[in-house]
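Input: a single structure, listed below in C-alpha coordinates.
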Amino acid sequence: MPTTSVIIPAAGAGRRFVATAAAERTPAAAAPQGKVFAMLAGRPVLAHTLARFAAVEDVVEVVVAVAADRVAWAAETFGREIAPGHRLVFTAGGQDRTESVERALAATDPRTEIVAIHDAVRPLIRPAVIAEAIRVAAQSGAAVVGRPVDHTVKRVADGRRVVETVPRDRLWLAQTPQVFRRELLMRAYAERRRVTAAVTDDAQLIEAMGLAVYMVQGDAANLKITTPEDLGLCEALLAAGWPFES
Ligand code: CTP
Ligand code: MG
(Lines give C-alpha, C1' and ligand atoms only; values in the text may rest on other atoms or scores of the structure.)
(Ligands and ions follow the chains in the order given, each with its own letter.)
Protein backbone atom coordinates (compact mmCIF):
# COMPACT_ATOMS: atom_id res chain seq x y z
CA MET A 1 0.00 0.00 0.00
CA PRO A 2 1.26 3.51 -0.78
CA THR A 3 2.63 5.57 2.12
CA THR A 4 0.44 8.60 2.65
CA SER A 5 0.93 12.06 4.16
CA VAL A 6 -2.18 13.92 5.29
CA ILE A 7 -2.54 17.70 5.28
CA ILE A 8 -5.27 19.23 7.44
CA PRO A 9 -5.90 22.95 6.78
CA ALA A 10 -7.16 24.29 10.13
CA ALA A 11 -5.86 27.87 10.06
CA GLY A 12 -9.04 29.70 9.03
CA ALA A 13 -10.72 32.34 11.16
CA GLY A 14 -14.15 30.74 10.69
CA ARG A 15 -15.71 34.15 10.08
CA ARG A 16 -19.12 32.89 8.89
CA PHE A 17 -19.38 30.58 11.90
CA VAL A 18 -18.53 33.31 14.40
CA ALA A 19 -20.79 35.90 12.71
CA THR A 20 -23.76 33.53 12.49
CA ALA A 21 -23.28 32.30 16.06
CA ALA A 22 -23.29 35.88 17.33
CA ALA A 23 -26.31 36.90 15.23
CA GLU A 24 -28.35 33.86 16.27
CA ARG A 25 -27.19 33.76 19.90
CA THR A 26 -26.64 30.01 19.54
CA PRO A 27 -24.64 28.12 22.18
CA ALA A 28 -21.78 28.04 19.68
CA ALA A 29 -21.36 31.75 20.38
CA ALA A 30 -19.67 30.52 23.53
CA ALA A 31 -16.92 29.05 21.35
CA PRO A 32 -14.89 32.17 20.50
CA GLN A 33 -11.97 29.97 19.46
CA GLY A 34 -13.89 29.21 16.25
CA LYS A 35 -15.27 26.17 14.47
CA VAL A 36 -12.09 24.06 14.24
CA PHE A 37 -11.90 23.90 18.03
CA ALA A 38 -15.65 24.05 18.81
CA MET A 39 -16.96 21.14 20.89
CA LEU A 40 -18.74 18.32 19.05
CA ALA A 41 -20.07 15.44 21.14
CA GLY A 42 -17.68 16.37 23.93
CA ARG A 43 -14.47 16.76 21.90
CA PRO A 44 -13.08 19.52 19.67
CA VAL A 45 -13.95 19.16 15.96
CA LEU A 46 -10.25 18.75 15.10
CA ALA A 47 -9.92 15.76 17.49
CA HIS A 48 -12.69 13.95 15.59
CA THR A 49 -11.03 14.65 12.23
CA LEU A 50 -7.61 13.42 13.44
CA ALA A 51 -9.19 10.22 14.82
CA ARG A 52 -10.72 9.42 11.39
CA PHE A 53 -7.28 9.54 9.76
CA ALA A 54 -5.61 7.62 12.59
CA ALA A 55 -7.86 4.71 11.53
CA VAL A 56 -6.45 4.55 7.98
CA GLU A 57 -3.64 2.05 7.52
CA ASP A 58 -1.65 3.81 4.76
CA VAL A 59 -1.34 7.10 6.66
CA VAL A 60 2.14 7.61 8.14
CA GLU A 61 2.02 11.31 9.05
CA VAL A 62 -0.42 14.18 9.52
CA VAL A 63 0.54 17.85 9.12
CA VAL A 64 -2.00 20.32 10.52
CA ALA A 65 -1.85 24.01 9.49
CA VAL A 66 -3.15 26.21 12.32
CA ALA A 67 -3.06 29.96 12.96
CA ALA A 68 0.53 31.05 13.72
CA ASP A 69 -0.28 31.98 17.33
CA ARG A 70 -1.83 28.56 17.97
CA VAL A 71 0.99 26.23 16.81
CA ALA A 72 2.47 25.53 20.26
CA TRP A 73 -0.94 25.31 21.96
CA ALA A 74 -2.32 22.95 19.29
CA ALA A 75 0.72 20.66 19.49
CA GLU A 76 0.30 20.49 23.25
CA THR A 77 -3.48 19.92 23.10
CA PHE A 78 -3.76 17.51 20.15
CA GLY A 79 -0.27 15.97 20.07
CA ARG A 80 -1.49 12.54 21.13
CA GLU A 81 -4.42 12.23 18.68
CA ILE A 82 -2.47 9.96 16.38
CA ALA A 83 -1.91 6.26 15.76
CA PRO A 84 1.24 4.73 17.36
CA GLY A 85 4.37 5.30 15.27
CA HIS A 86 2.79 8.03 13.16
CA ARG A 87 4.17 11.56 12.91
CA LEU A 88 1.92 14.49 13.84
CA VAL A 89 3.17 18.01 13.05
CA PHE A 90 1.61 21.45 13.54
CA THR A 91 2.66 24.29 11.23
CA ALA A 92 1.63 27.92 10.79
CA GLY A 93 -0.98 28.44 8.07
CA GLY A 94 -1.20 31.33 5.61
CA GLN A 95 -3.54 34.11 4.47
CA ASP A 96 -5.84 31.80 2.54
CA ARG A 97 -6.46 28.07 2.40
CA THR A 98 -4.16 27.53 -0.60
CA GLU A 99 -1.29 29.20 1.24
CA SER A 100 -1.97 27.08 4.34
CA VAL A 101 -1.83 23.90 2.23
CA GLU A 102 1.36 25.09 0.51
CA ARG A 103 3.11 25.62 3.85
CA ALA A 104 1.93 22.29 5.23
CA LEU A 105 3.04 20.53 2.06
CA ALA A 106 6.56 21.88 2.60
CA ALA A 107 6.54 20.29 6.07
CA THR A 108 5.61 16.79 4.86
CA ASP A 109 8.08 13.93 4.52
CA PRO A 110 9.24 14.04 0.87
CA ARG A 111 9.50 10.25 0.79
CA THR A 112 5.75 9.51 0.98
CA GLU A 113 4.09 8.59 -2.32
CA ILE A 114 0.61 10.04 -1.73
CA VAL A 115 -0.64 13.29 -0.18
CA ALA A 116 -4.24 13.61 1.03
CA ILE A 117 -5.72 17.02 1.87
CA HIS A 118 -8.75 17.22 4.14
CA ASP A 119 -10.51 20.18 5.75
CA ALA A 120 -10.34 20.14 9.56
CA VAL A 121 -14.03 21.11 9.54
CA ARG A 122 -15.27 17.85 7.97
CA PRO A 123 -15.14 15.65 11.08
CA LEU A 124 -17.53 12.91 9.89
CA ILE A 125 -15.41 11.52 7.03
CA ARG A 126 -15.44 7.69 7.06
CA PRO A 127 -12.04 5.95 7.09
CA ALA A 128 -13.25 3.55 4.35
CA VAL A 129 -13.89 6.52 2.04
CA ILE A 130 -10.43 7.93 2.78
CA ALA A 131 -8.88 4.53 1.96
CA GLU A 132 -10.82 4.32 -1.33
CA ALA A 133 -9.68 7.82 -2.36
CA ILE A 134 -6.05 6.85 -1.61
CA ARG A 135 -6.46 3.73 -3.75
CA VAL A 136 -7.89 5.68 -6.70
CA ALA A 137 -5.19 8.38 -6.43
CA ALA A 138 -2.42 5.78 -6.35
CA GLN A 139 -3.85 4.27 -9.52
CA SER A 140 -4.84 7.42 -11.46
CA GLY A 141 -2.89 10.32 -9.95
CA ALA A 142 -5.72 12.39 -8.47
CA ALA A 143 -8.97 11.59 -6.63
CA VAL A 144 -11.66 13.83 -5.15
CA VAL A 145 -14.33 12.63 -2.74
CA GLY A 146 -17.76 14.03 -3.62
CA ARG A 147 -21.40 13.38 -4.36
CA PRO A 148 -23.57 13.46 -7.48
CA VAL A 149 -25.89 16.47 -7.27
CA ASP A 150 -29.33 15.25 -6.22
CA HIS A 151 -31.10 18.61 -6.08
CA THR A 152 -32.58 20.52 -9.03
CA VAL A 153 -30.15 23.32 -9.86
CA LYS A 154 -31.33 26.79 -10.94
CA ARG A 155 -29.19 29.55 -12.41
CA VAL A 156 -30.51 33.00 -11.48
CA ALA A 157 -30.04 36.55 -12.77
CA ASP A 158 -30.29 39.80 -10.84
CA GLY A 159 -33.32 39.89 -8.59
CA ARG A 160 -33.14 36.10 -8.25
CA ARG A 161 -35.15 35.56 -11.41
CA VAL A 162 -34.54 32.01 -12.67
CA VAL A 163 -32.89 32.00 -16.07
CA GLU A 164 -32.09 28.31 -16.40
CA THR A 165 -32.62 24.88 -14.88
CA VAL A 166 -29.16 23.35 -15.16
CA PRO A 167 -29.12 19.67 -16.17
CA ARG A 168 -27.68 17.92 -13.15
CA ASP A 169 -26.91 14.48 -14.59
CA ARG A 170 -23.17 15.13 -14.84
CA LEU A 171 -22.74 17.49 -11.89
CA TRP A 172 -20.96 16.45 -8.70
CA LEU A 173 -20.29 18.37 -5.50
CA ALA A 174 -16.65 18.23 -4.44
CA GLN A 175 -15.81 17.50 -0.79
CA THR A 176 -12.52 16.50 0.79
CA PRO A 177 -10.33 14.51 1.07
CA GLN A 178 -8.67 15.30 -2.23
CA VAL A 179 -5.80 12.89 -2.78
CA PHE A 180 -2.83 13.08 -5.13
CA ARG A 181 0.39 11.39 -6.12
CA ARG A 182 3.01 13.53 -4.43
CA GLU A 183 4.91 14.56 -7.56
CA LEU A 184 1.71 15.83 -9.24
CA LEU A 185 0.68 17.90 -6.23
CA MET A 186 4.19 19.36 -5.83
CA ARG A 187 4.13 20.41 -9.48
CA ALA A 188 0.59 21.82 -9.23
CA TYR A 189 1.52 23.95 -6.22
CA ALA A 190 4.78 25.11 -7.80
CA GLU A 191 2.76 26.34 -10.80
CA ARG A 192 -0.27 27.59 -8.88
CA ARG A 193 0.26 31.27 -9.66
CA ARG A 194 -0.26 30.56 -13.35
CA VAL A 195 -3.91 29.75 -12.63
CA THR A 196 -5.91 32.92 -13.14
CA ALA A 197 -9.36 31.61 -12.09
CA ALA A 198 -10.40 31.78 -8.42
CA VAL A 199 -8.99 28.61 -6.84
CA THR A 200 -11.49 26.96 -4.48
CA ASP A 201 -10.01 23.49 -4.16
CA ASP A 202 -6.75 21.64 -4.68
CA ALA A 203 -7.89 19.43 -7.55
CA GLN A 204 -8.50 22.56 -9.64
CA LEU A 205 -4.72 23.09 -9.81
CA ILE A 206 -4.27 19.57 -11.22
CA GLU A 207 -7.11 20.15 -13.71
CA ALA A 208 -5.41 23.39 -14.80
CA MET A 209 -2.35 21.33 -15.81
CA GLY A 210 -4.62 19.28 -18.10
CA LEU A 211 -4.32 16.15 -15.93
CA ALA A 212 -7.11 13.72 -15.11
CA VAL A 213 -8.93 13.88 -11.78
CA TYR A 214 -11.41 11.17 -10.73
CA MET A 215 -14.38 11.47 -8.38
CA VAL A 216 -14.85 8.97 -5.55
CA GLN A 217 -18.35 8.71 -4.12
CA GLY A 218 -18.54 9.64 -0.45
CA ASP A 219 -21.29 10.34 2.07
CA ALA A 220 -23.78 13.20 2.37
CA ALA A 221 -22.86 13.09 6.07
CA ASN A 222 -19.32 14.33 5.27
CA LEU A 223 -20.55 17.84 6.07
CA LYS A 224 -18.35 20.91 6.04
CA ILE A 225 -18.97 22.98 9.15
CA THR A 226 -19.54 26.54 7.97
CA THR A 227 -22.17 27.75 10.44
CA PRO A 228 -23.44 26.58 13.86
CA GLU A 229 -26.31 24.84 12.03
CA ASP A 230 -23.77 22.47 10.41
CA LEU A 231 -22.21 21.76 13.81
CA GLY A 232 -25.69 20.88 15.09
CA LEU A 233 -26.24 18.53 12.14
CA CYS A 234 -22.93 16.76 12.90
CA GLU A 235 -23.95 16.48 16.55
CA ALA A 236 -27.30 14.94 15.55
CA LEU A 237 -25.65 12.43 13.19
CA LEU A 238 -23.21 11.31 15.89
CA ALA A 239 -26.07 11.01 18.41
CA ALA A 240 -27.93 8.82 15.88
CA GLY A 241 -24.91 6.48 15.69
CA TRP A 242 -23.10 7.68 12.54
CA PRO A 243 -21.25 6.04 10.73
CA PHE A 244 -23.98 3.37 11.07
CA GLU A 245 -21.52 0.52 10.42
CA SER A 246 -20.28 -2.30 12.61
N1 CTP B 1 -8.24 27.35 6.18
C2 CTP B 1 -6.86 27.42 6.41
N3 CTP B 1 -6.19 28.60 6.23
C4 CTP B 1 -6.86 29.70 5.82
C5 CTP B 1 -8.24 29.65 5.57
C6 CTP B 1 -8.92 28.45 5.74
O7 CTP B 1 -6.24 26.42 6.79
N8 CTP B 1 -6.15 30.84 5.69
C9 CTP B 1 -8.96 26.09 6.46
C10 CTP B 1 -10.09 26.24 7.47
O11 CTP B 1 -9.59 26.19 8.80
C12 CTP B 1 -10.99 25.08 7.14
C13 CTP B 1 -10.76 24.87 5.64
O14 CTP B 1 -9.59 25.61 5.29
O15 CTP B 1 -10.64 23.89 7.83
C16 CTP B 1 -11.96 25.27 4.80
O17 CTP B 1 -12.14 26.69 4.84
P18 CTP B 1 -13.46 27.42 5.33
O19 CTP B 1 -14.54 26.44 5.59
O20 CTP B 1 -13.71 28.56 4.41
O21 CTP B 1 -13.02 27.95 6.78
P22 CTP B 1 -12.67 29.44 7.23
O23 CTP B 1 -11.93 30.14 6.15
O24 CTP B 1 -12.05 29.33 8.57
O25 CTP B 1 -14.15 30.06 7.40
P26 CTP B 1 -14.70 31.45 6.80
O27 CTP B 1 -14.48 31.35 5.31
O28 CTP B 1 -16.15 31.46 7.19
O29 CTP B 1 -13.92 32.53 7.48
MG1 MG C 1 -12.86 30.49 4.17
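The values are calculated or read from the model by the stated rules, or taken from the named source; none is laboratory data. The structure presented is a predicted model; accordingly, all values stated were derived computationally and were not measured. Neighbour counts run over all protein chains shown; Cβ positions are idealised from the backbone, glycine included. Accessible surface is based on the protein model in full, side chains and every heavy atom, while ligands, DNA and RNA are left aside. Shrake-Rupley method; radii C 1.70, N 1.55, O 1.52, S 1.80 Å.
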- Task: Calculate the dipole size of the chain relative to its Cα centre from +1 charges on Lys and Arg beta carbons and -1 charges on Asp and Glu beta carbons; express the result in debye to the nearest 20.
- Result: 440 debye
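Of all DSSP beta bridges in the chain, what percent run antiparallel (nearest 5)?
Working: 16 of 36 bridges.
So the antiparallel bridges amount to about 45 percent of the total.
DSSP loop (so not H, G, I, E, B), at most 13 other Cβ within 10 Å: list which trypsin sites (Lys or Arg not before Pro) in segment 115-207 pass both filters.
Details: sites: Arg135, Lys154, Arg155, Arg160, Arg161, Arg168, Arg170, Arg181, Arg182, Arg187, Arg192, Arg193, Arg194; in loops: Arg161, Arg168, Arg170.
Those satisfying the criteria are Arg161, Arg168, Arg170.
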- Averaged over every viewing direction, what's the projected area of the C-alpha convex hull for segment 4-239? Give it in nm², one decimal, please. 14.1 nm²
- What nm value, rounded to one decimal, do you get for the distance between Glu164 and Arg193 when each label is placed 7 Å out toward the C-beta? 3.4 nm
- Query: Remind me, relative contact order of segment 4-239 in percent, using alpha carbon pairs under 8 angstrom and six or more residues apart?
  - Reply: 24 percent
- Task: Treating the Cα atoms of segment 71-191 as identical point scatterers in vacuum, please give the log10 of the normalised Debye intensity I(q)/I(0) at q = 0.13, 0.14, 0.20, 0.22 Å⁻¹, two decimals.
- Result: -0.70, -0.78, -1.25, -1.39
- Extend 7 Å from the Cα of Met186 along its Cα-to-C-beta direction; within segment 82-112, residues with backbone N under 18 Å of that point are 101-112
- Task: Please work out the average accessible area per residue across the chain, using the 1.4 Å probe convention, and give it in Å².
- Result: 51 Å²
- Report, to the nearest whole %, how much of the accessible area of segment 4-239 belongs to carbon and sulfur atoms, 1.4 Å probe, protein only. 52 percent
- Computed, not fitted: 222 nm per-residue ellipticity of the chain from DSSP H runs ≥ 4 (each -39500 (n - 2.57)), nearest 500, equal to -9500 deg cm²/dmol
